[in-house]
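FYI, it's all coordinate maths here, none of it is from the lab. These numbers come from a predicted model, not from an experiment. Cβ atoms come from the backbone with ideal geometry, glycine included; neighbour counts cover every protein chain shown.
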Amino acid sequence: MKKLISMAGCALLALHAAYAAPQIKAEKSALPSADQRQSDPQQQLALIDAVIAVVNDDVITRYELAERVSMVASQLRKQNTPLPPADVLEKQILERMITDLLQVQFAGESGIRVDDTQLNLAITRIAQQNGYASSLEFRAKLEADGIDYKQFREEIRNEIIFTRLREREVESKLVISDSEVDNYLANKARLGSAGEEFHLAHILVVVPEQASADKIQAARERAEQALGQLNGGADFAQVAASFSDAGDALKGGDLGWRASDRIPPLFMNELQTLKAGRTTEVLRSPSGFHILKLVEKRSGNAPVVITQTHARHILIKTSEIVSESQARERLMEIRQRIENGADFAEQARRYSQDGSAQQGGDLDWLSPGQTVPEFEEAMNKLQPNEIGAVQSQFGWHLIQVLERRNTDVSELQKRQQARAAIGTFKSDEQYQDWLRQLRDRAFVEYRSADK
């Protein structure tokens, strides 16, 4: 049964990903600096009016591109990442902006919306994750760092929209067979990598779906060019920002720490013999050509015993028609009926808007991290048979804890973890495929910088 999916945490500046964006011919930058724009109002007005790209019925202006370039360049400097050439950076960011805009357009056509209440809830959570007591304190810090708060809010709104798109268009359609799980576990046992964790960075040169032999060769040569620069002593982060099509390109390709069960077997085969600080040769996968860098390796310390909660819930979603207050009011009416003796499972089957409704809202045994943070936090505060309500990005939940247990990581748990790891690999690849298809169907016209 499908569990509630935890939304990925947003970075402080909420920098977006550019998945598998097609390459365009780099041009010499004609965008003025921020100081020049501020000192010349007429030039600033010209930037606002000038169009750098047409994306279906929308446009991206030179001014918008310049603002985004300035923000990303500032972030890269704070990370002490050497900046790629200006024209390369602008090309990467423009492609990312096009991909983002296409997703926003698709979401609008599909009826996916994030209202201000949901957005405020997400920003409050981000503030807490970054150690701030309130969203107001967090806002003050952002503005002190020169970040436009209104723009930041829209970045976060888009992040939530992209997450919902991915869940609906990709993750909800994933199919993972038992044989895939068996093969995964067998390969993991053969490699003897259980419990190990790897700090990785990578470069991905995407190969479009059904690409011609010439395009595949061009992608391979581009990857080989990147590897040549690395072998010549170039900084990995700078090369990643210049060459990589992956979403983390502008963060230097840093993937952070990954447990061995979250790394595809193709890469694990190379990492087993790779020394820290070294890079692989060019690797081929269905999505394109990869170069991996092993930054560091360590033994994992995953707990042997975990606390699991058997819970059920009723979800009332918010929408354009159902407001936050209306959803909460409906849920409170259901809660009142249950407290007056109505059967929870029957109420879930009748009213819940979650896939678990047909099972009476039963979510089975939940392990830490399997639900969104708000849900898990509220659930953990409840005693067995106790009922509580909480709001998440999905709507309003009525939760009942049935029982708890401490359990060793059993064979079943290992298979669940394997299934989740396989789902991560397949989701990443299929999401990139979906974005490429979205791009292929779109009308995109580039305007030269001197127009």
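Quick notes on this one:
- Relative contact order, whole percent, for segment 34-171 stands at 16, derived from Cα pairs under 8 Å and 6 or more residues apart.
- Summing Cβ point charges (Lys, Arg +1; Asp, Glu -1) relative to the Cα centre of segment 305-408 gives a dipole of roughly 140 debye.
- Of the residues Pro84, Val282, Ala442, the one whose Cα sits farthest towards the positive end of the charge dipole of the chain is Val282 (charges of +1 on Lys and Arg Cβ, -1 on Asp and Glu Cβ, taken about the Cα centre).
- Listed cross-link partners Lys381/Lys426; Lys91/Lys188; Lys251/Lys275 are compared with a 32 Å cut-off, the Cα-Cα value being larger for Lys381/Lys426; Lys91/Lys188.
- Base-10 log of normalised Debye intensity for segment 264-405 (one unit scatterer per alpha-carbon) at q = 0.11, 0.19, 0.20, 0.21 Å⁻¹: -0.59, -1.00, -1.10, -1.20
- For the peptides 355-362, 392-399, the ranking by packing is 392-399, 355-362, with the highest mean count of neighbouring Cβ atoms within 10 Å listed first.
- Electrostatic dipole magnitude of segment 34-171 [Cβ: Lys, Arg +1; Asp, Glu -1; Cα centre; debye, to 20]: 420
- By definition, a body whose alpha carbon gyration tensor gives a ≥ b ≥ c is oblate when a/c is 1.5 or more and a/b is not larger than b/c, and the chain fits this oblate description.
- Helix 86-110 and the longest principal axis of the C-alpha atoms of the chain enclose an angle of approximately 40°.
- Over the C-alpha trace of segment 34-171, radius of gyration and Dmax come out as 16.7, 48 angstrom.
- Dipole axis of the chain (+1 Lys, Arg; -1 Asp, Glu on Cβ), positive-most option in Ser242, Phe198, Gly253: Phe198
- Among Leu65, Leu315, the ranking by other beta carbons within 10 Å of each residue's beta carbon, starting with the fewest, stands as Leu65, Leu315.
- Against the main long axis of the alpha-carbon atoms of the chain, helix 135-144 sits at an angle near 10°.
- HN-Hα J in Hz across segment 209-218 - Karplus 6.51, -1.76, 1.60, θ = phi - 60°, x for Gly and Pro: 4, 6, 5, 6, 4, 5, 5, 5, 5, 5
- Between the helical axis of 116-129 and the longest alpha-carbon principal axis of the chain there is an angle of about 80 degrees.
- Sequence-separation-based contact order of the chain, relative, with Cα cut under 8 Å and 6+ spacing, percent: 21
- Evaluated with a Cβ-only charge set (Lys, Arg +1; Asp, Glu -1), the chain carries a dipole of roughly 700 debye about its Cα centre, given to the nearest 20.
- Förster-model FRET efficiency, 22 Å R0, Glu224 and Asp87, C-beta, rounded to 0.05: 0.55
- For segment 59-116 versus segment 192-249, the gap between their alpha-carbon centres in whole angstrom: 21
- Net charge over other residues, Cβ less than 11 angstrom from the Cβ of Gln437 (K, R count +1; D, E count -1): -1
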